[in-house]
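First the structure, in the form of structure tokens, and then the observations on it.
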Amino acid sequence: ETGVTQTPRHLVMGMTNKKSLKCEQHLGHNAMYWYKQSAKKPLELMFVYNFKEQTENNSVPSRFSPECPNSSHLFLHLHTLQPEDSALYLCASSQEMSGDSQETQYFGPGTRLLVL
Amino acid sequence: SQKIEQNSEALNIQEGKTATLTCNYTNYSPAYLQWYRQDPGRGPVFLLLIRENEKEKRKERLKVTFDTTLKQSLFHITASQPADSATYLCALPMDSNYQLIWGAGTKLIIKP
């Protein structure tokens, strides 16, 4: 058990649906991340929160909306997605983000998303 | 911008042999480099971190090397076992901030 949980594990949605992905970490970390992983491609960082503040938004379309109510929980709200958004969405956490940090990241199992 | 290259072809190794995976980067030398293991349908799991001033790091059957001249890290698994079959990812920090950038991973298959 990595200490990072994600729900749901699988999600099928139509392009007009609205859904949310949930991530919870039980490690006492202060930084949380959303990644997108498509087949045979590198992990793509989407959003970063450090001490509940969003620090990065890597040119992610507005149909993806993150929310971080506290250091333990992270959500990814989805609406009007496209078929090309189908992928594995991974949540991760680390102790914190800082200039001297060599933080390792702890990942959840991911949500396998299929957009029809 | 920094790019990471890992062999996209699956690596097939006979059980008991040493598996060697390669991670090459293109631009600046990072302060450290990390290796992760990812099983199908699961998130990556951290294995080892090696710093720029370290030539080699070991953990049980795992060994990582870091050659800043060649801009390359090698990941070795000795006495490989079928349970070592997985995809192995390397990651290193961006120059401009402390985000990690990732290789696409190499799939390792250990045959009994």
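Shielding value for B:99-105 is 6, the average number of Cβ atoms from other chains within 10 Å of each residue's Cβ. In Å², rounded to the nearest 100, what is the total accessible surface buried by chains B and A against each other with a 1.4 Å probe? The contact between A and B buries close to 1700 Å². Close amide-amide hydrogen proximity is noted between B:Ser85 and B:Ile110, each under 5 Å apart and 5 or more residues distant or on a separate chain (H modeled in the peptide plane; Pro and chain starts excluded).
Using the Cβ-Cβ distance between A:Gln95 and B:Lys17 with R0 set to 25 Å, the FRET efficiency works out to roughly 0.10. Placing dummy labels 7 Å off each Cα toward the beta-carbon, the span from A:Ser38 to A:Glu67 is 2.8 nm. Counted by Cβ distance under 14 Å from A:Thr55, the other residues give a net charge of -3, where Lys and Arg count +1 and Asp and Glu count -1.
For the cross-link pairs B:Lys17/B:Lys107; B:Lys3/B:Lys63; A:Lys40/B:Lys59, the ones whose C-alpha atoms lie over 20 Å apart are B:Lys3/B:Lys63; A:Lys40/B:Lys59. Charge tally for B:His76 (other residues, Cβ to Cβ under 12 Å; Lys, Arg +1; Asp, Glu -1): +3. By accessible area, using a 1.4 Å probe on protein heavy atoms only, chain A has 49% of its surface on carbon and sulfur. Cross-link partners of A:Lys22 among lysines, defined as those whose alpha carbon lies under 16 angstrom from its own and excluding same-chain residues fewer than eight positions apart: A:Lys36, A:Lys52. Note that chain A presents 48 Å² accessible area per residue, ligands and nucleic acids not counted, probe 1.4 Å.
Its Cα gyration tensor gives the protein assembly as shown an equivalent ellipsoid; the semi-axes, largest first and in whole Å, are 30, 21, 16. Across peptide A:54-62, the mean count of Cβ atoms from other chains lying within 10 Å of each residue's own Cβ comes to 1.
Measuring r between the beta carbons of A:His26 and A:Phe51 and using R0 = 25 Å, the FRET efficiency lands at 0.90. Fully extending the segment from B:Leu74 to B:Lys55 would add 5.8 nm, taking 0.36 nm per residue of separation and subtracting the current Cα-Cα distance.
Remark: chain B carries 50 Å² of accessible area per residue (probe radius 1.4 Å; ligands, DNA and RNA excluded).
The values are calculated or read from the model by the stated rules, or taken from the named source; none is laboratory data. What you see is a predicted model; the values in this text were computed from it and never measured. Glycine also receives a Cβ, built like all others from the backbone with ideal geometry; neighbour counts cover every protein chain displayed. Ligands, DNA and RNA are stripped out before the accessible areas are found, and what is left, the full protein with its side chains, is counted by its heavy atoms. Shrake-Rupley method; radii C 1.70, N 1.55, O 1.52, S 1.80 Å.
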